[in-house]
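Below is one structure, written out as C-alpha cells; the observations come after it.
The values are calculated or read from the model by the stated rules, or taken from the named source; none is laboratory data. Keep in mind the model is a prediction, meaning the values are calculated, not measured. Cβ: placed from backbone, ideal geometry, glycine included. Neighbour counts: every protein chain shown.
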C-alpha cells in the first residue's frame with residue numbers, strides 16, 4: 001500500500017464527521033455534516049433518510065464532495081473527496097451498516113426511511129501542507 005493511501009485511510013477509516021456537499025435541485029451547492037465510515041477500498045458510507053433533500057439531490061446529480069479530517073487544534077491533515085454517490089436500500093446493505101445508535105432515527109434496518117449513501121471516490125486530495133497530494137483510483 002502506498003504511503004499516501006495509508007495516510008488517507010488513517011483519516012477516512014475513522015467513524016467521524018464530514019461535510020457532504022451535493023448540488024441542489026436549483027443548482028446550488030448544499031453542505032451538511034454527516035458521520036462517515038469507509039472500507040479498505042476507500043469507498044465511503046453514510047446513513048440518511050430516504051426522503052431527505054440530499055437523497056433528492058443525489059438522484060438528480062450523483063456528483064458529491066466530502067471534506068473531513070479537520071480538528072480545531074490542528075488544521076491539517078484534511079482530505080477532500082470528489083466522487084459519485086449511490087443510494088443503497090437493499091436488505092444486505094441495510095444490515096451491514098446498521099448500528100444500534102441509529103434507533104434514535106430509524107425503527108430498525110427494515111425502516112423504509114433508512115438508506116445508505118455509498119460514495120465512490122474519483123479523486124482524493126490529502127492536505128498536510130500548502131500543496132496537496134492527489135490519489136486517484
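Of everything in region 38-55 that is without any contact (Cβ under 8 Å) to a residue 60 or more places away in the chain and surrounded by 14 or more Cβ atoms within 10 Å (Cβ to Cβ), the residue that is farthest from residue 101 (Cα to Cα) is 53. Of everything listed in (1) closer than 30 Å to residue 3 by Cα; (2) in contact with a helix residue (DSSP H, G or I) (Cβ under 7 Å, 6 or more places away or on another chain); (3) at pLDDT 95 or above, the single unmet condition for residue 48 is (1). For region 3-27, the set of residues classified as free of Cβ contacts under 8 Å to residues at least 60 places away in the same chain and farther than 26 Å from residue 105 by Cβ consists of 3, 6, 9, 10, 26, 27, listed by residue number. Look at (1) at pLDDT below 95; (2) more than 30 Å from residue 4 (Cα to Cα); (3) surrounded by 11 or more Cβ atoms within 10 Å (Cβ to Cβ) and you find that residue 68 fails only one, number (2).
Counted as qualifying within region 1-98 are the strands (runs of 3 or more DSSP E) with 3 or more residues that are closer than 17 Å to residue 128 by Cβ, namely 78-88. In this entry, residue 85 passes the filter for residues that are surrounded by 14 or more Cβ atoms within 10 Å (Cβ to Cβ), at pLDDT 95 or above and in contact with a helix residue (DSSP H, G or I) (Cβ under 7 Å, 6 or more places away or on another chain). Does region 8-21 contain any residue that is at pLDDT 95 or above and surrounded by fewer than 17 Cβ atoms within 10 Å (Cβ to Cβ)? Yes, some residue in region 8-21 is at pLDDT 95 or above and surrounded by fewer than 17 Cβ atoms within 10 Å (Cβ to Cβ).
Scanning region 122-133 for residues that are touching a strand residue (DSSP E or B) at 6+ places or on another chain (Cβ under 7 Å) and farther than 18 Å from residue 40 by Cα yields 127, 132, 133.
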